[in-house]
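J.: I'd like to ask some things about the structure below.
Derivation of every value follows stated rules applied to the coordinates shown; laboratory data play no part. Model, not experiment: these values are computed from the prediction. We place every Cβ from the backbone using ideal geometry, glycine too, and count neighbours over all the protein chains shown.
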Amino acid sequence: MNDQADRPVYMDHAATTFMKPEVLAAMAPYFSQYFGNPSSLYRFSGEPRKGVDAARRQVAAALGANPEEIYFCAGGSEADNWAIKGVALANRKRGDHIITSAIEHHAVLHTCEWLKRQGFLVTYLPVDEFGRVDPGSVEEAITDRTTLVSVMTANNEIGTIQPVAEIGRVAHDHGALFHTDAVQAVGAVPIDVDAMNIDLLSLSGHKFYGPKGTGALYVRRGTRLENLVHGGGQERGRRAGTENVPGIVGLGRAIELATADIEGHNRRIAAMRDRLIRGVLGSIPDARLNGHPTERLANNANFSFRYVEGESILLLLDAQGICASTGSACSSGSLEPSHVLLATGLSHEEAHGSLRLTLGDANTEDDVDYVLSVLPDVIGRLRRISPLTPPGAGVREVD
Ligand SMILES: *Cc1c(COP(=O)(O)O)cnc(C)c1O
């Protein structure tokens, strides 16, 4: 039907990225040649230990942090769990209140729900129509019982970038700690933990062309934090388990590459994204862009198409070789539309008809052209068979 179906267009980089060949090359020796346990004292542990130390310096450099403030773990979800449970439990005597936002990743939201069941108090801040948290709302919600404010740097669904420096300042003014889930932001938003008033920060290797199952938590020196994983004395006694040496080495190389030229990378990606957005809004009626018009990740385009269902869009796009994502996931067993889209004020119907396209390093202008050539027809076909479509609305007649 089309030659492009044999060369799929992958536009779901917010879900995961491919691993760069340089990253794989950096990791390779650590699977076999340098297999030793970095915590041992004999000669086999020397190279593994050096590899882990170098990666710690690479991660620290990318965040404006010190290497001794970096703790490796098994990904973004673990880092979020550790930061939030760790601060809440370690500071329980001082206070029992946590503030977060309504649009966090489930790794944050479900962790907060678990803490609620343990007796903690959680405030979920609302967002505006573009998905932004108002630092003034943190000021209103914060009390002398608040120990932690956790707001993500950039949203994984709609790409909205939060005013984290301002939010962090409000937290600090009231003696609370500030955690940010920066999983989507690393490599896209320049991070400086001091300038941005960040005490704890989560990141994940597979979101910036590194290996899956790798991540790190930045913890500002002197921060009171309970351990999450108990056992041996690895990671200076704070995170047990023999180090995933190849993964850590890959994470270090990946973050170095991802943060080497954020501005240049964003310029290239945003040019394609903007053409995609203009093309979609210009060719498909009853379509809207979700998220902030300017304060958004360079690679994120999130649309709502009225009268159609996100999963159907994905299936038809997949048949044409295009891989994307939606905020409604019937197949995952939940008929609930995206909590993020609902929080921005969208109706259930609009939230169900959403499509997320997230660009990445391998995408080309040809990919954008191809999506723009396929999508209007896909939406038109679905609207023609949708019982929600009012007569004559949202359908371009084809001849
Ligand atoms: C992907 C993602 C996570 C989870 O990271 P994993 O490494 O897959 O556990 C957490 N937060 C955000 C914002 C994400 O996009």
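J.: Along the charge dipole of the chain, which of Gly279, Val122, Pro337 sits closest to the positive end, that is, farthest toward it, with unit charges on the beta carbon of Lys, Arg, Asp and Glu (+1, +1, -1, -1)?
T.: Val122
J.: Using a Förster distance of 41 angstrom, determine the FRET efficiency expected from the C-beta separation of Ala90 and Ala319, and round it to 0.05.
T.: Working: r = 51 Å, r/R0 = 1.24.
Calculated value: 0.20.
J.: Can you tell me the order of 131-139, 314-322 when each peptide is scored by its average per-residue count of other Cβ atoms within 10 angstrom, highest first?
T.: Values: 131-139: 19.6, 314-322: 17.9.
So the peptides 131-139, 314-322, ranked by packing, come out 131-139, 314-322.
J.: Can you list the DSSP H helices in the chain whose Cα atoms extend at least 20 Å along the helix axis and whose mean Kyte-Doolittle hydropathy is 0.0 or higher?
T.: On the way: long enough: 46-63 (26 Å, -0.51); 76-90 (21 Å, 0.19); 262-283 (31 Å, -0.34); 365-385 (31 Å, 0.10).
Span-like helices in the chain: 76-90, 365-385.
J.: Roughly what % antiparallel, to the nearest 5, for the DSSP beta bridges in segment 21-258?
T.: Working: 10 of 25 bridges.
Roughly 40 percent of the beta bridges in segment 21-258 run antiparallel, per DSSP.
J.: How much length is gained on full extension from Thr143 to Asp274, taking 0.36 nm per residue of separation minus their Cα-Cα distance?
T.: On the way: separation 131, 0.36 × 131 = 47.16 nm, distance 4.14 nm.
Full extension from Thr143 to Asp274 adds 43.0 nm.
J.: Considering all alpha-carbon pairs of segment 21-258, what whole percent are spaced by more than 32 angstrom? The partial results should precede the final answer.
T.: Working: 5303 of 28203 pairs.
Tail of the P(r) past 32 Å holds 19 percent of the pairs.
J.: Subtracting the Cα-Cα distance from 0.36 nm times the residue separation, let me have the gained length for Phe31 to Thr242 in nm, one decimal.
T.: The span from Phe31 to Thr242 would gain 74.6 nm if fully extended.
J.: As a quick test, which of the pairs Lys50/Lys93; Lys20/Lys50; Lys93/Lys207 have an alpha carbon distance above 29 angstrom in this structure?
T.: Details: Lys50/Lys93 39 Å; Lys20/Lys50 22 Å; Lys93/Lys207 36 Å.
Exceeds cut-off: Lys50/Lys93; Lys93/Lys207.
J.: Only counting other Cβ atoms within 10 Å, I'd like Thr16, Thr358 sorted with the fewest neighbours first. Don't skip to the answer; put the middle values down first.
T.: Details: Thr16 14, Thr358 25.
So the ranking, lowest neighbour count to highest, is Thr16, Thr358.
J.: For an R0 of 22 angstrom, estimate the FRET efficiency from the Cβ-Cβ distance between His174 and Asn66 and round to the nearest 0.05.
T.: Values: r = 26 Å, r/R0 = 1.16.
So the FRET efficiency works out to roughly 0.30.
J.: When the Karplus curve 6.51 cos²θ - 1.76 cosθ + 1.60 is applied with θ = phi - 60°, which whole-Hz ³J(HN,Hα) does each residue of segment 32-45 get, with x for Gly and Pro?
T.: Using θ = phi - 60°, the values come out as 10, 4, 9, 7, x, 7, x, 8, 7, 9, 7, 4, 5, 8 Hz.
J.: From the helices alone, meaning DSSP H stretches of at least four residues, give me the mean residue ellipticity at 222 nm for the chain, per-run term -39500 (n - 2.57), in deg cm²/dmol to the nearest 500. Don't skip to the answer; put the middle values down first.
T.: Details: 13 runs with 150 residues, N = 399.
My calculation for the chain gives -11500 deg cm²/dmol from helical runs alone.
J.: So what are the radius of gyration and Dmax for the Cα set of the chain, in Å?
T.: Cα only, the chain: 22.1, 77 Å (Rg, Dmax).
J.: Let me ask you something else. Which whole-number percent gives the relative contact order of the chain, counting Cα pairs below 8 Å spaced six or more residues apart? Walk me through the numbers on the way to the answer.
T.: Working: 821 pairs, mean separation 84.8, N = 399.
Worked out over the chain, it gives 21 percent.
J.: OK, next. In segment 214-340, how does Rg compare with the Kirkwood Rh, expressed as the Rg/Rh ratio over alpha carbon atoms? Mind showing how you got there, number by number?
T.: Numbers: Rg = 20.8 Å, Rh = 19.0 Å.
In segment 214-340, Rg relative to Rh is 1.09.
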